[in-house]
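Okay, structure first, notes after.
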Ligand code: SF4
Ligand code: SF4
């Protein structure tokens, strides 16, 4: 999923200061799961913004709404009426949803979240980075552990000399991805895989080639 | 000047704190009339949204009162509630509401005296702090379907 965290209230209050009627728009997908921008967080932020505005002697009207998905035109179309009545939109979706709204509507759209990374849930309330979207997945030869998202140096053939007792040199909280890869290959009886040198990566499939696009000829209209 | 009488919303769990309030009543122990009790099945049911809404609707202080740690009828609802209270305190600080206006307490069903004392203590603390800084004109919440 795409993970995100709420921006500081002060930044959001700055964005909405010139406006009186705000549409606060959540998203039911990834940001709901990582407790950043679903219906519940929309409710909390609406309360917080209203109280903060009231404290500074202003009165702001906040209309709460949460879309099934904010990165698809079909869903974004549903709020045309609500957007029409609002002076500005504050989106609690990831950056993709914010941009979908900004592309569709000629109204100011502000992000309420900082989009962080593509990750998974480690345990309740904890998410960690798992994939950097490199466009040419290596997990098949690295025992299912990503050396790009999970190794601080993005090494194709690790570990580096900073790996000690299974921990990365950047901080003791981060396991060494290559240590994990070795342990996993060992458990799978695939250590011969480790002996194969992974060639230098062509980053054109990552963002090195500029903004990326997927076109499915059979589906595209 | 008329003395400020704080409004305290007290979310009390059915099994301990609410019963403690009841015990206080049957022991004829009085506690401030501004303490408004909301009975909940377990403090684990109390969400950050309930706490913020209480402030939004005009509470000067909010108390979440559950069972003593280790005594929760639902195992650890009170521990979860305490974490949510801490989360909400940070949100309150961002809004500009003093975090001390929100408090968590634990007591057993028989501790009527403790309930009355806790209710009195939070009322006095809030009285010293003054009315909630977000109190006043209550704008209604526009909610889309
Ligand atoms: S190798 Fe690339 S696609 Fe595969 S998990 Fe890592 S970053 Fe993602
Ligand atoms: S210690 Fe491991 S994870 Fe950290 S930079 Fe070196 S190889 Fe990468």
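The values are calculated or read from the model by the stated rules, or taken from the named source; none is laboratory data. Here the structure is a predicted model, which is why all the values come from computation and not from measurement. Here the Cβ positions follow ideal geometry from the backbone for every residue, glycine too, while neighbour counts run over all protein chains shown.
Per-residue answers, yes or no, for (1) assigned to a loop (DSSP other than H, G, I, E, B); (2) buried (at least 21 other Cβ atoms within 10 Å of the Cβ):
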site	(1), (2)
B:5	yes, no
B:29	yes, no
B:55	no, yes
B:59	yes, yes
B:63	no, yes
B:68	yes, no
B:80	no, no
B:93	no, no
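Taking the listed residues B:135, B:113, B:125, B:49, the one that is touching a residue at least 40 places away in the same chain (Cβ under 8 Å) and within 10 Å of another protein chain (Cβ to nearest Cβ) is B:135, with no other qualifying. Looking at segment A:68-82 only, could you name the residues that are away from chain B (no Cβ under 11 Å) and either surrounded by 20 or more Cβ atoms within 10 Å (Cβ to Cβ) or assigned to a strand (DSSP E or B) (or both)? Once the filter is applied, which keeps residues that are away from chain B (no Cβ under 11 Å) and either surrounded by 20 or more Cβ atoms within 10 Å (Cβ to Cβ) or assigned to a strand (DSSP E or B) (or both), segment A:68-82 yields A:70, A:71, A:76. Within segment A:157-179, restricting attention to residues that are more than 24 Å from the chain's Cα centre (by Cα), more than 7 Å from ligand 2 (Cβ to nearest atom) and on the phi < 0 side of the Ramachandran plot, the residue that is surrounded by the most Cβ atoms within 10 Å (Cβ to Cβ) is A:167.
Are any residues in segment A:147-156 buried (at least 18 other Cβ atoms within 10 Å of the Cβ) and within 6 Å of ligand 2 (Cβ to nearest atom), and if so, which ones?
So the first thing to find is which residues in segment A:147-156 are buried (at least 18 other Cβ atoms within 10 Å of the Cβ), and the list is A:147-151.
Scanning segment A:147-156 gives a single hit, A:151.
Of all residues being touching a strand residue (DSSP E or B) at 6+ places or on another chain (Cβ under 7 Å), part of a strand (DSSP E or B) and more than 16 Å from ligand 2 (Cβ to nearest atom) in segment A:120-146, which is farthest from residue B:87 (Cα to Cα)? Just the residue, please. Ranking the qualifying residues of segment A:120-146, first place goes to A:120.
One line per residue, one yes/no per condition, for (1) within 13 Å of chain B (Cβ to nearest Cβ); (2) modelled with pLDDT of 95 or more; (3) more than 22 Å from the chain's Cα centre (by Cα):
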position: A:1; (1), (2), (3): no, yes, no
position: A:21; (1), (2), (3): yes, yes, yes
position: A:39; (1), (2), (3): yes, yes, no
position: A:58; (1), (2), (3): yes, no, yes
position: A:88; (1), (2), (3): no, yes, yes
position: A:95; (1), (2), (3): no, yes, no
position: A:100; (1), (2), (3): no, yes, no
position: A:106; (1), (2), (3): no, yes, yes
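Exactly one residue among A:199, A:172, A:211 is in a loop (DSSP other than H, G, I, E, B) and within 16 Å of ligand 1 (Cβ to nearest atom), and that residue is A:199. For the condition more than 14 Å from ligand 2 (Cβ to nearest atom), farther than 26 Å from residue A:213 by Cα and surrounded by fewer than 20 Cβ atoms within 10 Å (Cβ to Cβ), residue A:90 does not qualify. Residue A:46 meets each of the listed conditions (1) more than 9 Å from every other protein chain (Cβ to nearest Cβ); (2) in a helix (DSSP H, G or I) apart from (1).
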